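Asks: Can you keep this structure in mind? I'll have questions shortly.
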Amino acid sequence: NMLAAILTHHARPRGILFDRPHVVGEAPALLTAKGVMDRVRIEAGDFFSSVPSGGDAYVLSHIIHDWSEEQCLTILGHCRRAMSPTSRLLIIEMVLSEGNAFHPGKMLDMTMLATTPGQERTEPEYRALLDKAHFRLTRVIPTNTLNTDGSDRPDG
């Protein structure tokens, strides 16, 4: 869905859809329906083993929050090795507010902690994770968009 949305709104880019075999198996129908199949190469794989190299941008959409810090560092390490010096990493995740102010993601954070090894993070927590993976957080862009799961969560 994310790659199709990007390519639908921008006519020139091409993309590689990289995901687990059962996910990419369903992708051609969606990409064809969106009219972007001719600009997508589909690769099945596991980001715990490697990611395709040579991309200008690597987009991790709602990935990092699912995994433990060690697992996130593995994923990010594979991205780092696949990237060129001019490549960019774009992470689409919820960014929690600091302190005790209400944020809808704090309830999701509790769910993540109870059901997965993952967690939602604040901007400083993302910065620390990315620093460990030899990336530099340059910008957080707040959004308030409808997510692929149908919820209206604020993401950053």
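The values are calculated or read from the model by the stated rules, or taken from the named source; none is laboratory data. All values reported here derive from a predicted model rather than from experimental measurement. Every residue, glycine among them, receives a Cβ derived from its backbone with ideal geometry; neighbour counts consider all protein chains shown.
Asks: Name the one entry in Ser53, Ser68, Ser61 that is in contact with a Lys or Arg (Cβ under 8 Å, 6 or more places away or on another chain) and polar (S, T, N, Q).
Replies: Of the residues listed, the single one that is in contact with a Lys or Arg (Cβ under 8 Å, 6 or more places away or on another chain) and polar (S, T, N, Q) is Ser53.
Asks: Separate question: Any residue at all in segment 100-115 that's part of a helix (DSSP H, G or I), over 14 Å from the mean Cα position of the chain (by Cα) and modelled with pLDDT of 70 or more?
Replies: No; the residues of segment 100-115 include none that is part of a helix (DSSP H, G or I), over 14 Å from the mean Cα position of the chain (by Cα) and modelled with pLDDT of 70 or more.
Asks: Scan (1) farther than 21 Å from Arg127 by Cβ; (2) modelled with pLDDT of 95 or more for the single condition Gln71 breaks and write down its number.
Replies: (1)
Asks: Could you grab me the full set of residues in segment 1-44 that are small (Gly, Ala, Ser) and surrounded by 15 or more Cβ atoms within 10 Å (Cβ to Cβ)?
Replies: The initial filter retains those residues of segment 1-44 that are small (Gly, Ala, Ser), namely 4-5, 11, 15, 25, 27, 29, 33, 35, 44.
Of everything in segment 1-44, those that are small (Gly, Ala, Ser) and surrounded by 15 or more Cβ atoms within 10 Å (Cβ to Cβ) turn out to be Ala4, Gly15, Ala27.
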